[in-house]
Amino acid sequence: MRIGELSRRTGVSARSLRYYEDQGLLTSSRSDAGQRHYSDAAVQRVSLIRQLFDAGMSSRVIASVLPCVDVPGDLGVAEETFTAMMRERDRIDADIAHLIETRDALDVLIRANSRHRAELSTAPEPVAQSA
């Protein structure tokens, strides 16, 4: 299938598909006229790539993980991929910890703002002074 068809079937822009190729995440063959042609398996491949991007992985990390899918029986590839996945999991854990700290700091500000708003709503109205 051509790039437009793959784009339509996956919901991923042709520009993104070309980027995936540039990063080594997706492959195509070329016609004599230079048009990209993809196999039917590319639909699943693009879906997997999108899932990995949505999980916060960079194209570099995705490129290091995909060989496990491409060569599932190779122990060396499996070991390298395992190491890459563990690094990525550690990065995600650190991001989660940072987000929790940020949320907790925001909760402190929200409580302070709530108290301040309550004080303002119960404060007596200032008396207008005549000149």
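The values are calculated or read from the model by the stated rules, or taken from the named source; none is laboratory data. The structure presented is a predicted model; accordingly, all values stated were derived computationally and were not measured. Note: ideal-geometry Cβ built from the backbone for every residue, glycine included; neighbour counts use all protein chains shown. Just so you know, the surface numbers come from the protein's heavy atoms only, side chains and all, with ligands and any DNA or RNA stripped out. Shrake-Rupley method; radii C 1.70, N 1.55, O 1.52, S 1.80 Å.
Picking from residues in the stretch 6-58 that are over 25 Å from MET86 (Cα atoms) and hydrophobic (A, V, I, L, M, F, W, C), the one that is surrounded by the fewest Cβ atoms within 10 Å (Cβ to Cβ) is ALA33.
Being open to solvent by 70 Å² or more (accessible area, probe 1.4 Å) and either under 24 Å from GLN23 (Cα atoms) or under 24 Å from the mean Cα position of the chain (by Cα) (or both) holds for only one residue in VAL77, VAL61, VAL69, VAL65, and it is VAL69. Scanning the stretch 86-115 for residues that are charged (D, E, K, R) and open to solvent by less than 90 Å² (accessible area, probe 1.4 Å), which turns out modelled with the lowest pLDDT? If we take residues in the stretch 86-115 being charged (D, E, K, R) and open to solvent by less than 90 Å² (accessible area, probe 1.4 Å), then GLU88 is modelled with the lowest pLDDT.
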